[in-house]
1. First check a/c for segment 126-165, with a ≥ b ≥ c the square roots of the eigenvalues of its C-alpha gyration tensor; if it is under 1.5, answer rounded, and if not, answer prolate when a/b is larger than b/c or oblate otherwise.
2. Compute the signed sum of charges (Lys and Arg +1, Asp and Glu -1) over the other residues within less than 9 Å, Cβ to Cβ, of SER40.
3. Tell me the relative contact order for segment 109-195 as a rounded percent, counting alpha carbon contacts under 8 Å between residues six or more apart.
4. How high is the relative contact order of segment 14-144? Use alpha-carbon pairs under 8 Å, at least six apart in sequence, and give a whole percent.
5. Residue separation times 0.36 nm, minus the C-alpha to C-alpha distance between GLU258 and TRP208: what's the value?
6. Can you tally the net charge around GLU63? Count Lys and Arg as +1, Asp and Glu as -1, for every other residue whose Cβ sits under 12 Å from the Cβ of GLU63.
7. Quote to one decimal, in nm, the extra length available between SER236 and ARG176 on full extension: 0.36 nm per residue of separation minus the C-alpha distance between them.
8. Rounded to the nearest 0.05, what FRET efficiency do ASP193 and ARG45 have when you use their Cβ-Cβ distance and R0 = 41 Å?
Amino acid sequence: MTATAPDAPAVAHFRFFALEVLRTRRLGHSFLRVTFGGESLADFRSGGFDQSLSLFLPPAGREHTELPSTDEDTWFGAWRAMPDADRPVMRSYTVREQRRTPEGADEVDIDFVLHGEGSPASRWAGRAVVGHRILAIGPAVAENKSVRFQPPAATDAVWMYADETALPAAAAILDRLSAGTRVRAWFEVPHADDRLDLAAPAGADITWIVRGSAGRERTEQVLEALRADGPAAARSPYVWLAGEAGTVRAVRRHFVQERSVDRRAVRFTGYWRLGASEEELLAEAYAGQAASEDPASEL
Ligand SMILES: Cc1cc2nc3c(=O)[nH]c(=O)nc-3n(C[C@H](O)[C@H](O)[C@H](O)COP(=O)(O)OP(=O)(O)OC[C@H]3O[C@@H](n4cnc5c(N)ncnc54)[C@H](O)[C@@H]3O)c2cc1C
């Protein structure tokens, strides 16, 4: 449940939303944008930047997501108790954009990385068809803890690293930064065709790293690109890092140890881990072996 001050009216920061696929569009070799609509989106309040949400996607062979309960007190137990073959998978994704059309319809874009048919979310996205219905736990208030990008007021430069899974979040952050913000960014993608056109403050310096290997060597390639950059010039940089957990850890070390960035000015999030599904990461979190940033825990 959401923590509230004594006597304050309870404000649920997250709630269930029913989403219906309106259209899909290929953005690059690895990216598929799925645009969702649905009446409940009238109450959806993205905080922008790297706002994330939890999607519930139907098991293989089903068109729509069904849950026995979307009640805030009972859904979790009911979802966990479902037979494996029926249980929708829960996955974290980013709100790339929320908008209201001139006709008054509410829409949300989510950009999926298509990384393989063997992975439930990637498979679902690759087969998404207009009219397919899923469920999501998303923001009901714009100020919520699933917006991780929170630069302090004194920030004089924003430095970013993202792999392809975090590129939608990085793109949404760049969309929102004020015109004068100094930006230095390194974006790692699997294919040259994934170097998307991004709206960014004038003068934003973006290095694209097109991955040469899918294994651990990828981290070395990213570190080489970072080290090729020379000494950094900013008094109070804010560093935002997201992507594969092992690479993110190494990149964080680079900024803290090699560039002497104050560790409190580094916001880093593992979006996935090589060799582990999101269930396995969640199981670790439930077992207390890893900190969970799962927005579902707010419900
Ligand atoms: C806050 C947050 C926001 C996120 N936003 C987005 C987003 O906007 N778009 C997006 O595409 N992803 C995003 N992700 C990452 C996404 O949740 C994971 O990639 C997730 O594992 C995908 O689920 P899956 O069912 O496809 O694969 P899983 O079943 O979870 O994993 C199966 C296997 O695939 C591997 N794997 C997972 N992702 C990838 C990948 N991209 N490339 C290669 N191998 C992979 C795993 O290591 C595992 O071995 C986000 C994650 C977080 C935590």
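1. oblate
2. Residues near SER40 contribute -2 overall.
3. 27 percent
4. 42 percent
5. Full extension from GLU258 to TRP208 adds 15.9 nm.
6. Cβ neighbours under 12 Å give a net charge of +1.
7. In short, 19.7 nm is gained.
8. 0.75
Any read-out appearing in this document is the output of simple, stated calculations on the displayed coordinates, not a laboratory observation. Computed from a prediction, not measured in an experiment: that's the story for all the values here. Every residue, glycine as well, gets a Cβ built from its backbone with ideal geometry; the counts of neighbours run over all protein chains shown.
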